[in-house]
1. When Lys and Arg each count +1 and Asp and Glu each count -1, what net charge do the other residues less than 11 Å away from Thr144, Cβ to Cβ, add up to?
2. What is the list of residues in the range 411-446 whose amide nitrogen lies under 11 Å from a point 7 angstrom out from the Cα of Val53, following Cα to Cβ?
3. When the chain is fully extended, how far beyond the present Cα-Cα distance does Leu188 get from Thr208, taking 0.36 nm per residue of separation?
4. Considering only protein heavy atoms and a probe of 1.4 Å, how much of the accessible area of the chain is carbon and sulfur, as a whole percent?
5. How far apart, in nm, are the 7 Å Cα→Cβ label points at Val196 and Arg11?
6. Name the residue from Leu174, Leu199, Ser222 whose Cα lies farthest towards the positive end of the charge dipole of the range 165-247, charges +1 on Cβ of Lys and Arg and -1 on Cβ of Asp and Glu.
7. 222 nm [θ] for the chain, helices only, -39500 (n - 2.57) per DSSP H run of 4+, per residue, to 500?
8. State, as an integer percentage, the relative contact order of the chain based on alpha-carbon contacts under 8 Å between residues 6 or more apart.
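The values are calculated or read from the model by the stated rules, or taken from the named source; none is laboratory data. What you see is a predicted model, and the numbers here were worked out from it, not measured in a lab. As a convention, Cβ positions derive from the backbone with ideal geometry for all residues, glycine included, and neighbour counts pool all protein chains shown. Each accessible area value is taken on the protein alone, full model and side chains, heavy atoms only, with ligands, DNA and RNA left out. Shrake-Rupley method; radii C 1.70, N 1.55, O 1.52, S 1.80 Å.
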Amino acid sequence: MKPIKEKFGGRLAVIWAMAGSAIGLGNIWRFPYLVGQNGGAAFILIYMAAVVVLALPIFLAESVIGRRSGCDTFGAMNKLAPGSKWKWLGLLTVITPMILLSYYSVVGGWSVEYFFKACCFSFDGNTQGLFARFISSTWAPIITHTLFIAATAAIILLGVKKGIELFTKITMPLLLVLILFLAVYSVLLPGAGKGVEYLVKPDFSKVTADVVATAMGQAFFSLSLGVGTILTYASYVSKKENLMISAGGTAFFDLLFALLAGMVVMPAVFAAGIRPGEGPGLVFDTLPYIFGQMHSVAGGIVALLFFLAILVAALTSSISLLEVGVAFLVQRRHGLTRQKATILLAILTWLAGILCSLSFGPLAHVTILGKTFFDLFDSLCSNWLMPLGGLLFTLFAGWKMSKADVRDELTNGGSCNRTIFGVAYFLIRYVAPVGIVVVFLTNLFL
Ligand code: PFF
């Protein structure tokens, strides 16, 4: 194993990088339509609970393993549990992010297309069917998927400090300003009040076991858990940093963004008199229609800023996915150079992504277990591989590592967080694993 030389420079750099991974399409594209489909504010409350009791402990478990070992996912398992079967967890979490990146980058490509469209001010009131036509065509989504993967690879090629750290340090504060502006704009639209009400008034009659499992799954996805990204980023965190603060800070910003994205989308949707339970097309279908109806330069600019925000958020997440595999290939004893590793993995995910892209068009009829490639990859990752990775990481930190080592990492040798360590350890050891098993069983039987 080769030692990692690069480290993130300081607390804010760590939080921006981790928040960059967490804040993405899951917040701006997925969260608002899940809220729309699952009972508004009731879903938000359950989601918040899931973040605290389920997601944060897994985040801490990954952080502990990553920083303690200072290695990629596979190297971490070999270092902390040499010669054991845990190496399979290391391998699993190299493969999962590659599968995830292959379809994530297709949706990232859609945001490239919509950003370009917004740059040309091409949303008019007549956007009916635009989204369906675009994703079902053959070449256009492949071209935008290619651009998206190329941009991701370009940032990773620059390295941990000059690539990941610099990019997230510049774009994340910008993203915060953008989303705040958009939320204020949306809330002030005439007729937006109903959308705000929808977000703050819980309807518990809609809550079922499935809704709870969906909220838990979203917490996983949104905080980038069970895939090895947080572990890999934590291996770049210096021993001085407080891991509980970076976890709490990341969860805070992630939640803030999801809520702000809801504040952008829902009021606009209600203002335009559209139903909120629209599903995955909510952001790409409904919002251009709304912007187009404004028939004004302001509408065009707002559309441009909105799709810029989605694009940037998607990129800061996709780089964290690619970095997991690159760190793995670079850190082997006879590892590849960063350049070769990045190019190799970018090409592999690009090829797999083409299959996902075509599943909305020419390959729509090709199904495995009744699912298209895109749906298969998504359900494989979201419903199975991510929870499995998360479960195994919590078991590793809670049961395989010694309590003294975990305490040492979470309290920086006893110098901080001493009083809350007990609670955090209890959540890692018992609560999170049980919660994940519940998600599994719900996915299996519902
Ligand atoms: N958290 C990202 C989002 O909400 O869009 C998605 C994601 C990124 C999941 C990185 C997993 C990951 F490792």
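1. Values: positive: Lys117; negative: Glu113.
So the surrounding residues net to 0.
2. 431-432, 434-436
3. Working: separation 20, 0.36 × 20 = 7.20 nm, distance 3.31 nm.
Result for the pair: 3.9 nm of gain on full extension.
4. Values: 11930 of 17100 Å².
C and S fraction of accessible area: 70 percent.
5. Result: 3.3 nm between the two label points.
6. Toward the positive end, the furthest listed residue is Leu174.
7. Values: 21 runs with 300 residues, N = 446.
Helix contribution divided over all residues of the chain: -22000 deg cm²/dmol.
8. Working: 758 pairs, mean separation 157.3, N = 446.
Once normalised by length, the contact order is 35 percent.
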